Structure formats: C-alpha cells, structure tokens
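Taking it in order: structure first as structure tokens, then the write-up.
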Amino acid sequence: MSHETFELIDRLRRTGRRAAMATLVRAHGTTPRKEGTKMFVGDDGGIFGSVTIGGCVDARVIERTAEVLGSAKPQLLQMQLGDDEAWEIGLTCGGSVEVFIEPLNDATLAMYETAHREWEAGRSTAIATVVAGDAIGSRSLVDPEERSTADVYVEVLRPPARLCVFGAGAVAIPLTTFARALGFQTIVIDGRARFASRERFPDANELRVGIASEIAGQLDLGANTPVVLVAHDYKIDVPVLKKALDSTTPYIGLLGSRKRGAAILQLLREDGVVEEELSRIRVPVGLDIGGETSAEIALSIVAEVVAVMRGRSGGAMMRRS
Amino acid sequence: MNPYGDVIQEHSRNPRNYGSLDAPDIRHEDENPFCGDRMRIELSLDADRRVSAARFQGDLCAIAKAAASVLTEMIHGMALERVREMDEQELLDALRAEIQPARRNCALLPLEVLRGGITKPVA
C-alpha cells in the first residue's frame, strides 16, 4: 500500500463517490506489478489516481466493475494471459493473474481508515480478505503472523519508512519534498529554530529543534529509518554519526566532499569507531547524477536512499543485466 | 597547527562537566542562531545558593565546547550572585587565546546560556 492509495481511499470516503477497488492478488511470473497493486474504478468507468494494473487487465477490470457495482458483490477475475498480454503488464512470459474486484462500501473504507491510522503511527498491520467461496469479500484486520487454511488474500500494510534529515539547510528542503512524494515520512532536526521552520519546510512531517545528537539518541533509528546528514558541520556530523552507527539504520548518508568526508571519518576513528562501522557511512552522499543545485543533490540523495532500501546498486536501468 | 592555544585545544578534546544532572535547580538551553551551536547548561545549588555542580551538553564547535568546559569549572563553588556578575572578559581571559571577533559569539555562548538560566529557573 502506498501513501497515494491511502489518500485515494480517504478521498473516496469523503466524497462518497461510488467506486470499486481492484487488487492484484496473484500473479504467476516475474513482474514489476507486485501483488497488492490496486486500481480504483468509478461507476462511470473512470480511473481514480495514477496507479493501474496495466495493459489488457485494466480493460477487463473496468468492464467487470460495472457488474460488481451493480450487484454490490465482489468477484475474483482470473485471467490467462498470452505472451503478448503478459508482456504488457510486465510479466516475462504468458501466465495467469487474479484480480479481486470489490465495491468500496462503508465497512471496507472504515477498515482501511483504521489501517491508515496504524500505518501513520508506524505500526504494521494486515488486512485479510476472503477472495473465493461463500464468504467472498469478508475481511478483517489480522496479526500478520496469523495463518489460515482458507483462500484468503492477506495484505500486509507496513508503515512508511521515516527519513531523518539532520540539518535544515538548502538541500534539506527539496529532500523532504521529494521524500514525501515517494511516500516517506520525514523528520528534520536542527539546533536553529529559524532554520527548521514550517515556513521553510512545508513538506516535512515533523520538525525538531534541539541538540541534534541528543535527538538522534532519542529517535528509533531502526531498519525502516534511513538517516541523512546535510548539516555540513562537523560539530553536528560527528556526534550524530556516532548515534546513527549505534543503530540498525540501513542508510547513513553524509553531505560533503570526499576530502571533508575523510576528515570526519578520521575524527570518528580517533574516537574509537572501527573501520567496519565507518564503511556504513556514505560520503559523498547520493548517486552520481552530476548534481550541482540543492534540488539535484537532494534528488541524488533520495534516489540512493530508495536504491539502498530496495537492495539495488542505483546504476542505469539499461546496463542492468 | 593549534590556532587557539592549549587551553581551548585541551578542553575541546577533553571537556569537563559534559553531561547532565538528575535534578538541576537551573537548566537552560539556547543557540547561536548563526552558526548552529546549541547547548544546555544545568546547575545544582547548595543551601547557600552556591553552585555545587554544573554540567553542559550540546553540539558545539571547539571554541564553544572549550569555553563551556572552562566556564563550568570556573563557577563550581561560586555563589549564584557572583556568577550573575561574571563578565565576558573573565571567561575570555580564562581561555588564554586570541579569539577573532567572528568567533567571539562561539566563546561567549556558554556565558549567554548560563545567564539565561539564572534569570529563568528550571520549570
């Protein structure tokens, strides 16, 4: 589930528009359209939001939506795809997909609203939906660890990653804007109230003014919390890096040149930080896109964060084998 | 190269009284809005209103950190009234270095924060 999906569900609930939600619940084959991909179709056949399942599947979902909304009963659309059709939705070869189409009723919207609150609070939850049989369409919020023998599609809703940005300078501003668009929650930390202001950071989820290293020690810098240091100031960088290295954060990026980075690493080394730990620090930060402006540097940073979180190198797609 | 003298070098590398107190009588935090130095100072007072313990914490440049370290040593055992009367030159003299005008704010931040705390007791 993405931030956009939750926002779309919220909007549909507020406006009261009649719509169906189609969810890709099974796909056989390697595909960038992961199970869980959703699309929302109105009773006039219009698509809400930017996400669709793709290719010929969209057309058949739209066609079936009228029936689902008319009967107010969900359906499981099973499709065998030829090679051409499979290619259209990103499958490497012909296979099959199953799309669960359901009318968005009050109970469903309320459940997703509950899940959204949990998600925003940083807690994982899951929604189990019966996609076949007599109980088709019934659903409940469940513990993700629970198991069932029924034909149930379990949609695990993990909380968004939280990007911690230390330093409220020029690069931090576009960084929070890009990160928000990518679905990150963002928190900006700085010792200067006039820098870490709402006026300068309209897209940040949270602003914290205080002793940055102390705040770093209070935050849960876990596996879902990348850390970026853009203060460009050793008195912030060194103590905050020590806190970050004490955590399990998957990403520690430090703004600065190679030379500056070497000097900061040396200060940490003198404080007893071992080489293995120092190697976790990415300096210079970001992907090599030739970034010069604050926005370009921010783009390179957030791209690297996404690549690391997804376990990718961040190279050019055309060179990927 | 050591541009700021032995006292600043020694105290910035080995700051005294860095940390916090469990139940301070005075606690105050403030910043140098230009360079981003930010620190908190905490004092415990005895029955005679003398400083029985002083601690500081913050993300500080070498000069500010050394000045905070030196200042907290200077005021230990000092009557609060006397602390209130401390002037800037006393602290600058104790640092025994030529501080460039552009860095005076760094050196004097600890004293500013201390003064702020004395006029605003801990909540």
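The values are calculated or read from the model by the stated rules, or taken from the named source; none is laboratory data. What you see is a predicted model; the values in this text were computed from it and never measured. No Cβ is skipped: glycine too gets one built from the backbone with ideal geometry, and neighbour counts run over all protein chains shown.
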Among the residues listed as A:Ala262, A:Ala298, the single one being at negative phi, surrounded by fewer than 16 Cβ atoms within 10 Å (Cβ to Cβ) and assigned to a helix (DSSP H, G or I) = A:Ala262
Residue among A:Ala128, A:Ala170 that alone is out of contact with any Pro (no Cβ under 8 Å at 6 or more places or on another chain), hydrophobic (A, V, I, L, M, F, W, C), part of a strand (DSSP E or B) and modelled with pLDDT under 95 = A:Ala128
Only unsatisfied item for A:Glu275, checking (1) without any contact (Cβ under 8 Å) to a residue 24 or more places away in the chain; (2) closer than 29 Å to A:Gly183 by Cα; (3) of a type in the set (D, E, K, R), is (2)
Hey, could you check segment A:287-312 for residues that are of a type outside the set (S, T, N, Q) and over 20 Å from the mean Cα position of the chain (by Cα) and say which is modelled with the lowest pLDDT?
-> A:Glu292
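Determine, yes or no, whether B:Ala47 is of a type in the set (A, V, I, L, M, F, W, C), free of Cβ contacts under 8 Å to residues at least 24 places away in the same chain, closer than 28 Å to A:Glu270 by Cβ and more than 13 Å from chain A (Cβ to nearest Cβ). Give the derivation first.
Working: of a type in the set (A, V, I, L, M, F, W, C): yes; free of Cβ contacts under 8 Å to residues at least 24 places away in the same chain: yes; closer than 28 Å to A:Glu270 by Cβ: no; more than 13 Å from chain A (Cβ to nearest Cβ): yes.
No, not satisfied.
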Among what's in segment A:178-227 and is farther than 20 Å from A:Ala121 by Cα and in contact with an Asp or Glu (Cβ under 7 Å, 6 or more places away or on another chain), pick the residue that is nearest to the other protein chains (Cβ to nearest Cβ).
-> A:Gly191
Output the residues belonging to segment A:228-246 that are touching an Asp or Glu at 6+ places or on another chain (Cβ under 8 Å) and either more than 20 Å from B:Ser12 (Cβ to Cβ) or away from chain B (no Cβ under 14 Å) (or both).
-> A:Leu229, A:Leu245
Just to be sure, is B:Glu10 surrounded by 16 or more Cβ atoms within 10 Å (Cβ to Cβ) and either more than 14 Å from chain A (Cβ to nearest Cβ) or part of a strand (DSSP E or B) (or both)?
-> no
Considering (1) away from chain A (no Cβ under 14 Å); (2) in contact (Cβ under 8 Å) with a residue 24 or more places away in the chain; (3) of a type in the set (Lys, Arg), say which one B:Arg82 fails and leave the rest.
-> (2)
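Might you let me know whether segment B:77-85 holds any residue that is acidic (Asp, Glu) and either under 22 Å from B:Ser52 (Cα atoms) or in contact with a Leu (Cβ under 9 Å, 6 or more places away or on another chain) (or both)?
Within segment B:77-85, one or more residues are acidic (Asp, Glu) and either under 22 Å from B:Ser52 (Cα atoms) or in contact with a Leu (Cβ under 9 Å, 6 or more places away or on another chain) (or both).
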Some residue of segment A:239-259 being of a type outside the set (A, V, I, L, M, F, W, C) and touching a Phe, Trp or Tyr at 6+ places or on another chain (Cβ under 9 Å) = no
